[in-house]
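Working notes, beginning with the structure itself.
Just so you know, all these numbers are worked out from the coordinates, no wet-lab data involved. The structure displayed is predicted, hence computed values, not measured ones.
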Amino acid sequence: MGGRCTHRGPQLGGEIVIEANSAGLKTLVGHLLTLAQDGTPDGAHLHLEENNGLEEGSVSLVLERCDDE
């Protein structure tokens with residue numbers, strides 16, 4: 001993704017900061033739009049990890065579609 005995902009604060013109720021350059025932000029938007037498409041099933045998800053879309057030293061990030069209302 002060309003970005004860095006960092007986690008600050010306690011596991012629950014903390015703040016998550018996503019730092020990325022322009023290309024990284026566009027990649028993130030693309031992933032989110034993919035999950036938002038009609039026909040994408042509830043629970044579909046993408047894993048972004050160090051050496052798999054994120055820079056070294058980043059924490060893992062999971063993007064998941066949740067249609068529960």
The extension gain from residue 55 to residue 36, computed as 0.36 nm times the residue separation minus the Cα-Cα distance, is 4.4 nm
Difference of contour (0.36 nm per residue) and Cα-Cα distance, residue 68 to residue 47: 5.5 nm
